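One structure below.
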Amino acid sequence: MMSDTTPSIGRWFAELARRQYFWGIVAIVVLLLINVLKDPTYLSISVSPTTGNLVGNLIDILRAAAPIMLIAVGMCLVVATGGIDLSVGSVMVVSGAVSMEFLHSASGSVGDAFLAFGLAVLISAVLGTVNGVLVAVVGLQPFISTLFIMLAGRGLAKVITGGQNTAATNDSFRWLANGYVFGIPVVFILALLVVIAVGVLVRRSALGLMIEAIGMDPKAARLAGVNRRGLLFTVYIFSAVLAGIAGVFGTASVMTVDVSRTGYQLELDAILAVVIGGTSLAGGKFNITGAVVGALLIATLDKTVVFLGVSSSATPAFKAIVIVVLCLLQSERVRQVFRQRRASRPHTPQKEVIPA
């Protein structure tokens, strides 16, 4: 019985290990265990006696992962076309600046919160359209096109806010980032719903196949009748809109936009999350589930760095080491080397036990 079960478990594990985001899950578990070794109560979740909401480190990780999930999913689709979007961090700060400037002079009603959210999404879509024009119409390389918005976006945010960190007051808008539904942060629930909707859209329709097609072979996709220009517009606008929503989440949590820090270097976290999730930067394939796992890993890693007391100067090196180790584990070539070494070891046959 054991001889029949063990090989099947081994095959199942080998198949699971081929999925690159599996190693992201392993890394999350390892980081959590490291934190537990320092504090055995690290994973405990309790109910706040004053608000009745769930509180704990895991809840904080889910809250921090929400904006990264959004920009990672948008980045995932852009990368699948063979492009890249370096402007997501700047789009976040612009959307936050627009919403805070509007709410700063508004009355604080629910309608004002909806209008501020709509304005943030609208300005984000405009910036995404600019990216789409530069890539699909002008023909610039995505790296150069989105780098332009990356550099110009923060300048635009400073123009909108007059160079100041604008604050506002609106309970409904603040609830988007700080509210709870059934004890769970609403910001994570909203991000998860968006991710599920995107996953259903691209996997239950031809949209995902067409996005992958223009990333694999643009010429063959054009001959097959795929509208490459329209798809590029779609993915860059979509990426910018998701970044705009992430910017709303980031500013609504403190009801202040910091034109220097909001969304700063989050485009790098989005790219890392996409790579960790198994999406190739060469384009042609994408993995929404993997991008979500990558976002959760980035949030867990950030939380672990703070919890372990790693100095701010050493934080980038600490994160780099974890990411490099994870990428090595994901590498098929590295795993092949380990398999060859294990196969080359002398095998000692076990003596057969004859039952009495």
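The values are calculated or read from the model by the stated rules, or taken from the named source; none is laboratory data. This one's a predicted model, so the numbers in the text were calculated from it and none came from an experiment. Here Cβ is always computed from backbone atoms with ideal geometry, including for glycine, and neighbour counts include all displayed protein chains.
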Condition set crowded, with 19+ Cβ neighbours inside 10 Å and in contact (Cβ under 8 Å) with a residue 24 or more places away in the chain, scope the range 131-149, selection farthest from VAL235 (Cα to Cα): answer is ILE149
So PRO218 ticks every box in (1) closer than 30 Å to ARG154 by Cα; (2) more than 21 Å from the chain's Cα centre (by Cα) but one. Which box is left unticked?
(1)
Test GLY132 against the criterion of being modelled with pLDDT of 90 or more, assigned to a loop (DSSP other than H, G, I, E, B) and not hydrophobic (A, V, I, L, M, F, W, C), and give yes or no.
no
Considering every residue within the range 111-122, establish whether at least one is part of a helix (DSSP H, G or I), under 28 Å from TYR21 (Cα atoms) and touching a residue at least 12 places away in the same chain (Cβ under 8 Å).
no
Residue pairs meeting the criteria (Cβ under 6 Å; at least 6 apart or on separate chains; first in contact (Cβ under 8 Å) with a residue 12 or more places away in the chain, in the range 305-319; second part of a loop (DSSP other than H, G, I, E, B)):
PHE318/VAL310
Enumeration of residues in the range 159-174 that are buried (at least 16 other Cβ atoms within 10 Å of the Cβ) and part of a helix (DSSP H, G or I):
ILE160, THR161, SER172, PHE173, ARG174
All conditions in (1) at positive phi; (2) surrounded by fewer than 21 Cβ atoms within 10 Å (Cβ to Cβ); (3) touching a residue at least 12 places away in the same chain (Cβ under 8 Å) are true of ARG229 except (1)
Could you give me the residue pairs with C-beta distances under 9 Å whose first residue belongs to the range 194-216 and is of a type in the set (Ser, Thr, Tyr) and exposed (fewer than 13 other Cβ atoms within 10 Å of the Cβ), whose second residue is part of a helix (DSSP H, G or I) and modelled with pLDDT under 90 wherever it lies, and which are 6+ apart or on separate chains?
none
Among the helices (runs of 4 or more DSSP H) contained in the range 254-356, which hold 1 or more residues that are modelled with pLDDT of 85 or more and closer than 21 Å to CYS76 by Cα?
266-276, 288-307
